[in-house]
Amino acid sequence: MAKKRRVGQIFKKEELELHRLAHYAFFVGIALAIIVGIFHKVFDSMLGVEASRVYVTTFVLLGTIVGFFNLTAKETMPFLLAAVALMLAGIVNLNLVYGVGDILRPSLSNIVVFVVPGAIIVGMKAIWRLASS
């Protein structure tokens, strides 16, 4: 009996560590998306032609980590709703907003690129759960 309890504790600890990793990936992804959006001209000049590929790859990888490990069943619908709202907001041409449009547009675009892989994974998990029940 004691061995079963210990094995269960190990699995819970691993789940907690993966959940924590996903939380850190989420915060790092959002922070990077905003920082890169604000200073996109500086980073573009430093990284050159490949800058957008580096951004997209980084945000997709972080978003994938978040999608795989972060969400519980009760967090699924709020996450998907927020992801849809962000994707719709990303369509808006914020360059027309004087002064802050040049900062808002790239930051929001980066956030959308970060959220989309997680939304795809969470959406597929939700469909799988619905089909399984």
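Candidates S45, L61, A22 compared by Cα position along the dipole of the range 2-132: farthest toward the positive end lies A22, with charges placed on Cβ. Going from the residue with the fewest nearby Cβ atoms within 10 Å to the one with the most, S133, S109, S52 rank S133, S52, S109.
Exposure proxy shown here: for K74, K125, the number of other Cβ atoms within 10 Å sets the order, fewest to most, as K74, K125. In this Cβ point-charge picture (+1 for Lys and Arg, -1 for Asp and Glu), the range 2-132 has a dipole of about 860 debye about its Cα centre.
Long hydrophobic helices in the chain: the complete DSSP H runs spanning 18 Å or more by Cα along their own axis with mean Kyte-Doolittle hydropathy of at least 0.5 are 51-69, 76-89, 101-132. For the options V54, V122, V36, a Gaussian network treatment of the chain with springs between C-alpha atoms closer than 10 Å singles out V54 as fluctuating the most. Between G37, G99, G118, the Gaussian network model of the chain with springs among Cα atoms under 10 angstrom shows the greatest mean-square fluctuation at G99.
Among A82, A119, A73, the largest mean-square fluctuation in a Gaussian network model of the chain, built with springs joining Cα atoms closer than 10 Å, belongs to A73. Going from the residue with the fewest nearby Cβ atoms within 10 Å to the one with the most, I111, I120 rank I120, I111.
Readers should treat all values here as calculations from the given coordinates under stated rules, not as data from a laboratory. Treat the numbers as computed from the prediction; the structure is a model and nothing was measured. Cβ: placed from backbone, ideal geometry, glycine included. Neighbour counts: every protein chain shown.
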